[in-house]
Amino acid sequence: MSRNIPFISAAQVFARLSPATAVEIIRRTLATGYEPSTNPPRQAVPIPHGQLLTMPSSTDTGAGIKVLTIAEQSLGEGIPRIQGQYLLFDGATLSPRAIIDGAALTTLRTPALSLAGISQLLEEEDTALPTVIFGTGPQARGHAEALSSFINGRRDIDITFISRSPAADLDNWQKAGSDKARTALAQAELVMCCTTSAEPLFSLPEARQDSIIVAMGSHEPHKRELGSDVMGSAQVIVEDTANALRECGDVILAIEEGSLEAGSLIEFKDIVTGRHSLNRESAVVFKTSGMGWQDLVLAQAIAAAAEKTPPEEPEGS
């Protein structure tokens, strides 16, 4: 018998799950034994004017697939560059459980993943956290919001957004390449790269030797936000080695150029489980591309929260 499948809107996604809780869920999934190498690869299909992406995943408790379109360029005001939906299935019956706004899920998941990989480093200090975020788009702003949610007042956060294009609504924006942008980068403990750039955003001497760097902008082997000099000098964390060697241009190009060895890559699960410890005397890079299992576990949490919430009364009732 068919039944109506609930739709969870973008507003409901953000209302049902905080960024800090999303960080915790991602880390807990790895801590309790999930193996990222079992996740099916993303499928990226070229289509006119962009890409069609599908990201499937499954666990003992559920299954799901995210289908997104990514436009080659901005389509104008009011039309997001990334659009799509997430279809969540029940683990026992395999029946459709919910449809979730896919772009909103991505906007929540991506910064939560970024912070999940470096969270213990951010908690080791109680001093102010000077932060640079490259980009001013939805992901850059989402990373700023997620960082604030995760830190939750434990440290003061001083954020500078850096981009090539002006952001009139941000009073903490600096133009890329300006003296103020260079000063902010040189002082930043945390650097978050949230752009669509295909070329490195900065060089090694411009950043602190002990900086914590996240690069999330690309899942394509020919694009990178970080150059070989940065990658080769840092401890590089990846979600999964095979995935990084397939999708992450920052990693792939650094290896091709002889600055990085595949055997030196540190897997995210080994950080969470404590099997690998980081040395804070050198930079730490967390290079992500996003994997389907992260969408799945967050989608399950969002659906569970929505199911516990009584439906809103219609107006006039």
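Structure notes:
- Of the peptides 39-47, 157-165, the order by per-residue mean of other Cβ atoms within 10 Å, starting with the highest, comes out as 157-165, 39-47.
- Cut-off under 5 Å, modelled amide H: who pairs with Ile133 long-range: Thr160, Phe161, Ile162, Met192
- Gln73-Glu206 FRET efficiency (beta carbon distance; Förster radius 22 Å; 0.05 resolution): 0.20
- Portion, in percent, of the accessible area of the stretch 21-123 that falls on carbon or sulfur, probe 1.4 Å: 56
- What the Cα convex hull of the chain gives, in volume per residue, is 160 Å³.
- Å² of accessible area per residue within the chain, as computed with a 1.4 Å probe and no ligands counted: 47
- For the stretch 1-142, a/c is not less than 1.5, where a ≥ b ≥ c are the root eigenvalues of the C-alpha gyration tensor, and a/b does not top b/c. That puts it in the oblate class.
- Whether the stretch 1-51 is rounded, prolate or oblate, judged on the alpha carbon gyration tensor where a/c under 1.5 counts as rounded: oblate
- Under 16 Å from Lys269, Cα to Cα: aspartates and glutamates that are on another chain or at least 8 residues apart: Glu24, Glu35, Glu239, Asp240
- Dipole of the chain, positive end: most advanced residue of Thr38, Ala254, Pro56 [Cβ charges, Cα centre]: Pro56
- For the chain, the Cβ-based charge dipole about the Cα centre amounts to some 460 debye (Lys, Arg positive; Asp, Glu negative; other atoms uncharged).
- HN-Hα J in Hz across the stretch 239-248 - Karplus 6.51, -1.76, 1.60, θ = phi - 60°, x for Gly and Pro: 5, 7, 4, 4, 5, 5, 6, 8, 10, 9
- Shape call, the stretch 135-233: gyration tensor on alpha carbons, a/c limit 1.5: rounded
- Counting only DSSP beta bridges whose two residues both lie in the chain, roughly 50 percent are antiparallel.
- Sites Thr127 and Leu52 - FRET efficiency at Förster radius 41 Å, r taken between beta-carbons, to 0.05: 0.35
- Proximal lysines to Lys66, defined as alpha-carbon separation beneath 22 angstrom and excluding residues fewer than eight positions away on the same chain: Lys287
- Kyte-Doolittle mean at least 0.0 and Cα axial length at least 20 Å: DSSP H helices in the chain: 102-123, 292-308
The values are calculated or read from the model by the stated rules, or taken from the named source; none is laboratory data. Just so it is clear, the structure is predicted and the values come from calculations on it, not from any experiment. All Cβ positions, glycine included, derive from the backbone under ideal geometry; neighbour counts span all protein chains shown. Note: areas computed on protein heavy atoms with side chains; ligands, DNA, RNA excluded. Shrake-Rupley method; radii C 1.70, N 1.55, O 1.52, S 1.80 Å.
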